[in-house]
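Here's the structure we're looking at; comments come further down.
The values are calculated or read from the model by the stated rules, or taken from the named source; none is laboratory data. Everything numeric in this text was worked out from a predicted model, so none of it was measured. Neighbour counts are summed over all protein chains in view; Cβ atoms, including those assigned to glycine, are modelled from backbone coordinates with ideal geometry. All accessible areas refer to the heavy atoms of the entire protein, side chains included, with ligands and DNA or RNA removed. Shrake-Rupley method; radii C 1.70, N 1.55, O 1.52, S 1.80 Å.
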Amino acid sequence: MRKIIAGINMTLDGNCDHTAGIADDELHQHYTDLLRNSGIILYGRKTYQLMESYWPAVAQNPTGNKSNDEFAIAIDNIPKVVFSRTLKNVEWESATLAKKDIQEEVLALKQQAGKDILIGSRSLIITLLNLGLIDEFQLCVHPVIAGKGLQLFENISDRIMLKLIKTKTFASGVIALYYEPRQK
């Protein structure tokens, strides 16, 4: 059975804003490795559209920055499932729209053979956390206080205890925290 991994960047004050973090070569390499070790990534509409508007073009026309270009290839190649009530189709060749409701779709994906499932959207992390379907968190906490923005752990229905399983410190001061939910 595949693990469901919530992997996301956040500021020290808990905000998820891709413009507030430190997107250096080391962080890009970290996420490239995570993508390469995953079998599929799940997106909500907003994050999917943000990623789709930039990375396929970089994969087709590399920037010359090795870490950016490798990330672009990894994100371009990994299969994506997009959860949306409004999108009727997706343009990214490696993406498909979810056909079932989120719980049913994710449980079916989890039962399939293959590499782990990565969640790359704040909204999906919240939904799957409330459904008790996340097996691991990989939170990259940036040494930035944003002061505003979307809180990662907003609208969580129950208290959830986590067990720290690993940490990784980057030269930029970003710290990757790896957690597993403790059993209730």
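Given (1) under 14 Å from ASP25 (Cβ atoms); (2) open to solvent by 80 Å² or more (accessible area, probe 1.4 Å), identify the lone condition not met by SER53. Of (1) under 14 Å from ASP25 (Cβ atoms); (2) open to solvent by 80 Å² or more (accessible area, probe 1.4 Å), only one is false for SER53: (1). In the range 28-72, which residues are under 23 Å from SER172 (Cβ atoms), of a type in the set (A, V, I, L, M) and in contact with a helix residue (DSSP H, G or I) (Cβ under 8 Å, 6 or more places away or on another chain)? Passing the criteria: LEU35, MET51, VAL58, ALA72. Exactly one residue out of ILE125, ILE156 is under 24 Å from ARG45 (Cα atoms), touching a Leu at 6+ places or on another chain (Cβ under 8 Å) and without any contact (Cβ under 8 Å) to a residue 40 or more places away in the chain: that is ILE156.
Here is a yes/no grid of residues against (1) in contact with a strand residue (DSSP E or B) (Cβ under 7 Å, 6 or more places away or on another chain); (2) closer than 20 Å to SER94 by Cα:
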| position | (1), (2) |
| --- | --- |
| ILE4 | yes, yes |
| MET10 | yes, no |
| GLY14 | yes, no |
| GLN29 | no, no |
| ASP33 | no, yes |
| ARG36 | no, yes |
| LYS46 | no, yes |
| LEU50 | no, yes |
| GLY64 | no, no |
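In the set (1) modelled with pLDDT of 95 or more; (2) closer than 29 Å to PHE83 by Cα; (3) assigned to a loop (DSSP other than H, G, I, E, B), the condition left unmet by SER172 is number (2). Close contacts from the range 43-59, counting a first residue that is closer than 13 Å to SER84 by Cβ and part of a strand (DSSP E or B) and a second that is hydroxyl-bearing (Ser, Thr, Tyr) and open to solvent by 30 Å² or more (accessible area, probe 1.4 Å), with Cβ to Cβ under 6 Å and a gap of 6+ residues or different chains, come to GLY44/SER123. Residue under question is ALA74, and the condition is that it be of a type in the set (A, V, I, L, M, F, W, C), in contact (Cβ under 8 Å) with a residue 24 or more places away in the chain, open to solvent by less than 20 Å² (accessible area, probe 1.4 Å) and touching a strand residue (DSSP E or B) at 6+ places or on another chain (Cβ under 9 Å); does it hold? Spelling it out, it is not the case that ALA74 is of a type in the set (A, V, I, L, M, F, W, C), in contact (Cβ under 8 Å) with a residue 24 or more places away in the chain, open to solvent by less than 20 Å² (accessible area, probe 1.4 Å) and touching a strand residue (DSSP E or B) at 6+ places or on another chain (Cβ under 9 Å). Candidates GLY173, GLY114: the one that is touching a residue at least 60 places away in the same chain (Cβ under 8 Å) and in contact with a strand residue (DSSP E or B) (Cβ under 6 Å, 6 or more places away or on another chain) is GLY114.
Select from the range 1-21 the residues that are part of a loop (DSSP other than H, G, I, E, B) and more than 13 Å from the chain's Cα centre (by Cα) and list them in ascending order.
Narrowing the range 1-21 to residues part of a loop (DSSP other than H, G, I, E, B): 1-3, 12-14, 16-21.
Result: MET1, ARG2, LYS3, LEU12, ASP13, GLY14, THR19, ALA20, GLY21.
The number of residues in the range 56-71 that are within 28 Å of ILE102 (Cβ to Cβ) and open to solvent by 30 Å² or more (accessible area, probe 1.4 Å) comes to 0. Selection of the range 111-141 for residues being charged (D, E, K, R) and either assigned to a strand (DSSP E or B) or surrounded by fewer than 21 Cβ atoms within 10 Å (Cβ to Cβ) (or both) yields LYS115, ASP116, ASP135, GLU136.
Is it the case that the range 82-105 has a residue that's under 29 Å from ARG159 (Cβ atoms), assigned to a helix (DSSP H, G or I), touching a Gly at 6+ places or on another chain (Cβ under 7 Å) and open to solvent by 40 Å² or more (accessible area, probe 1.4 Å)? Looking for residues that are under 29 Å from ARG159 (Cβ atoms), assigned to a helix (DSSP H, G or I), touching a Gly at 6+ places or on another chain (Cβ under 7 Å) and open to solvent by 40 Å² or more (accessible area, probe 1.4 Å), one finds none in the range 82-105, hence no.
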